[in-house]
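J.: Okay, handing you the structure first.
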Amino acid sequence: MTERVRYHAEVALPGLVVGVVAGLMAGGLTLLAGHRPGWAAISALSLAVPMGLLGAGYGVLLGRNVFQPGVFAPAGLYWLIGFPISRLVQETVTSTVILGRATLTEDLPAFLAYQAIVSLGFAIGFVWMHERLAPHWFMHVAGRNPVAREVLDRYIGHAEALWRVRGRRRALRRGEKGAG
């Protein structure tokens, strides 16, 4: 593995973890919904794998400066496509393993449209979790990984900009209260 690939793999790791955990949790809900443990395990794994890969892809794109900390729209579009694909993989793999044949809903466009709607909620959760976990990991590897250092610097810049805006708002509120 070249150094550059290793750098991007390290930056991709938080997204991979968030995607895998989300997929496993969603698959675990299958167990709570009353399916047998084997069905739930296949369902969890068949969702965790594509979600993890897409989460890692998010991290790589973040490392390549395609995504920016604190900006939701590109991530929302990414998951608008990625989440329905992950669910389609899950449905196909689970039915193939459990039933011996792929069975999909008769109304595939409606299934995909519904998954696209759900994807926005997932995207919000994914970005929120990623932005809570990734900077800690980037701090850990930034000394040896220039890609992580650059992404961490963007996170720090974003946090500083938010802090300045917050300070200005506080000053305006204090000025308004003092004027009355």
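The values are calculated or read from the model by the stated rules, or taken from the named source; none is laboratory data. Keep in mind that this is a model prediction, so the values were computed, not measured. Virtual Cβ from ideal backbone geometry, glycine too; neighbours counted across all protein chains shown.
J.: What tally of residues in the range 112-142 results from selecting those that are in contact with a Ser or Thr (Cβ under 9 Å, 6 or more places away or on another chain) and over 17 Å from residue 26 (Cα atoms)?
T.: Here the count works out to 0.
J.: Let me ask something else. With respect to residue 84, determine if the residue is surrounded by fewer than 16 Cβ atoms within 10 Å (Cβ to Cβ) and not aliphatic (A, V, I, L, M). Talk me through it step by step, then tell me what you get.
T.: Values: surrounded by fewer than 16 Cβ atoms within 10 Å (Cβ to Cβ): no; not aliphatic (A, V, I, L, M): yes.
When the stated conditions are applied, residue 84 does not pass them.
J.: Which residues, counting only those in the range 141-163, are out of contact with any Pro (no Cβ under 9 Å at 6 or more places or on another chain) and at pLDDT below 95? Write out each step before concluding.
T.: First, pick out the residues of the range 141-163 that are out of contact with any Pro (no Cβ under 9 Å at 6 or more places or on another chain): 141-150, 153, 160-163.
160, 161, 162, 163 - these are the residues of the range 141-163 that are out of contact with any Pro (no Cβ under 9 Å at 6 or more places or on another chain) and at pLDDT below 95.
J.: Take the conditions surrounded by fewer than 16 Cβ atoms within 10 Å (Cβ to Cβ), of a type outside the set (Phe, Trp, Tyr) and within 20 Å of residue 73 (Cα to Cα) and apply them to residue 161. Does it pass?
T.: Numbers: surrounded by fewer than 16 Cβ atoms within 10 Å (Cβ to Cβ): yes; of a type outside the set (Phe, Trp, Tyr): yes; within 20 Å of residue 73 (Cα to Cα): yes.
Taking the combined requirement at face value, the residue satisfies it.
J.: Take the residues of the range 87-123 that are crowded, with 16+ Cβ neighbours inside 10 Å and either of a type in the set (S, T, N, Q) or at pLDDT below 90 (or both): which is farthest from residue 55 (Cα to Cα)?
T.: In this case the residue turns out to be 95.
J.: I've got another one for you. Give the number of residues within the range 121-180 that are part of a helix (DSSP H, G or I), aliphatic (A, V, I, L, M) and over 28 Å from residue 81 (Cβ atoms).
T.: Taking the range 121-180 first, the residues part of a helix (DSSP H, G or I) are 121-141, 146-179.
Within this subset, residues satisfying the condition of being aliphatic (A, V, I, L, M) are 123-124, 127, 129, 133-134, 139, 141, 147-148, 151-152, 156, 159, 161-162, 165, 171-172, 179.
Remaining after also requiring over 28 Å from residue 81 (Cβ atoms): 139, 141, 156, 159, 161-162, 165, 171-172, 179.
Looking only at that region, the number is 10.
J.: Let me ask something else. Can you run down the residue pairs with Cβ atoms below 9 Å, 6 or more apart or on separate chains, where the first is in the range 124-142 and over 15 Å from residue 51 (Cβ atoms) and the partner is at pLDDT 95 or above and not in a helix (DSSP H, G or I)?
T.: Going by the 9 Å Cβ cut-off, the qualifying pairs are 138/145.
J.: Quick test for you: out of 70, 52, pick the one residue that is closer than 24 Å to residue 148 by Cβ and surrounded by 16 or more Cβ atoms within 10 Å (Cβ to Cβ). Steps first, please.
T.: Working: 70 fails: surrounded by 16 or more Cβ atoms within 10 Å (Cβ to Cβ).
After ruling out the rest, the residue left standing is 52.
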